[in-house]
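Structure record follows, encoded as structure tokens.
The values are calculated or read from the model by the stated rules, or taken from the named source; none is laboratory data. As the structure is a computational prediction, the values presented were derived from the model and not from experiment. Using ideal geometry, Cβ is built from the backbone for each residue, glycine included, and neighbour counts are taken over all protein chains shown.
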Amino acid sequence: MTLLQQETELLPHDAIVAKETRRFYERFAVEYASSIPHNVTGAMKEWLDVFVAGIERSERVFEIGSGTGRDAAYLESLGYDVQRSEIAEPFLKSFREQGVEALRFDVLTDPFPASQRAVFANSVFCHMTARQLGRALKNVHDALEPGGRLAFNTKADEVRWGATVRNARLPGYRYFSHWPPSLIRSEVENMGFDVLWWSEKPAILRPTPWVNLVVRKRQD
Ligand SMILES: C[S@@+](CC[C@H](N)C(=O)[O-])C[C@H]1O[C@@H](n2cnc3c(N)ncnc32)[C@H](O)[C@@H]1O
């Protein structure tokens, strides 16, 4: 397949995935919120603690896809200043109702409003095609100062590339990509990041393998 053919065949697919992902969270934000753990514990806490270990408490953390704001609240409890962001209106509305500032921000299409020292995205890039993940990583890389950190995760799987999945806890289908861990590692390294920390652990509520990463923008 020529590059041009790939473009014309794959771009509509990316657009559908982005639209369906947003639609899922706009329709099922309430169900999603009640399906997840309400506190940061275990592997989640370990990952967040490693991420912020190299960040001064005076620094701001930019969170992509904040959802309910659970992780932002945890980081704030440690003393960090968190910029929440979302694409799904119900989550943005909930922040407004709580009197909490949050930015409407799509990591696939919006430039960051300022340069960043630390960016966090829990269970966001897992909903992206390989091409979208590359775009999101590049957007974050462009925004980070040299030495700045990104923490993100994806489902880890050795075989399947992408699938639309319905799990027992939630209505509706969501697209998930499944990244063999070695491949996600080379993807971030090729994008100009060094991998600082890496963990392959099952999800909190299900035995699905996930890979959680903390990466740093390489200093040239
Ligand atoms: C699985 S939820 C995770 C929410 C929250 N981070 C958490 O851990 O509970 C995925 C979130 O990513 C957001 N999202 C999906 N695609 C996005 C994009 N392109 N840019 C920014 N946020 C996105 C969704 O609206 C949703 O809130």
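Yes or no: residue 165 within 21 Å of residue 25 (Cβ to Cβ), without any contact (Cβ under 8 Å) to a residue 12 or more places away in the chain and within 14 Å of the ligand (Cβ to nearest atom)? In short, yes.
Could you grab me the full set of residues in the range 41-61 that are under 21 Å from residue 117 (Cβ atoms) and in contact with a helix residue (DSSP H, G or I) (Cβ under 8 Å, 6 or more places away or on another chain)? Walk me through it before giving the result.
To start, the set of residues in the range 41-61 that are under 21 Å from residue 117 (Cβ atoms) comprises 47-61.
Those that are under 21 Å from residue 117 (Cβ atoms) and in contact with a helix residue (DSSP H, G or I) (Cβ under 8 Å, 6 or more places away or on another chain): 48, 52, 61.
Is it true that residue 25 is among the aromatic types (Phe, Trp, Tyr) and either at pLDDT below 90 or more than 22 Å from residue 127 (Cβ to Cβ) (or both)? Here the answer is no, as residue 25 does not meet what is asked.
Please go through the range 47-84 and give me each residue that is assigned to a helix (DSSP H, G or I), touching a residue at least 60 places away in the same chain (Cβ under 8 Å) and away from the ligand (no atom under 15 Å from the Cβ), ordered by number.
50, 52, listed by residue number.
Condition check for residue 23 on (1) near the ligand (Cβ under 8 Å from one of its atoms); (2) without any contact (Cβ under 8 Å) to a residue 60 or more places away in the chain; (3) under 19 Å from residue 172 (Cα atoms): one failure, at (1). In the condition set (1) surrounded by 13 or more Cβ atoms within 10 Å (Cβ to Cβ); (2) away from the ligand (no atom under 11 Å from the Cβ); (3) assigned to a strand (DSSP E or B), residue 103 is compliant with all but (2).
Within the set 86, 59, 20, 46, the sole residue that is within 14 Å of the chain's Cα centre (by Cα) and surrounded by 14 or more Cβ atoms within 10 Å (Cβ to Cβ) turns out to be 86. When residue 123 is tested against (1) assigned to a loop (DSSP other than H, G, I, E, B); (2) loosely packed, with under 15 Cβ neighbours inside 10 Å, just one condition goes unmet, and that condition is (2).
Taking into account only those residues within the range 34-43 that are more than 8 Å from the ligand (Cβ to nearest atom) and at negative phi, which is surrounded by the most Cβ atoms within 10 Å (Cβ to Cβ)? Explain how you work it out, then say what you get.
Filtering the range 34-43 down to residues more than 8 Å from the ligand (Cβ to nearest atom) leaves 34-35, 37-43.
Imposing the further condition that a residue be at negative phi reduces the set to 34-35, 37-41, 43.
Details: 34: 11, 35: 13, 37: 11, 38: 9, 39: 10, 40: 18, 41: 11, 43: 15.
That would be 40.
Quick one: is residue 92 without any contact (Cβ under 8 Å) to a residue 24 or more places away in the chain, within 25 Å of residue 59 (Cβ to Cβ) and part of a strand (DSSP E or B)?
On the way: without any contact (Cβ under 8 Å) to a residue 24 or more places away in the chain: yes; within 25 Å of residue 59 (Cβ to Cβ): yes; part of a strand (DSSP E or B): no.
No, not satisfied.
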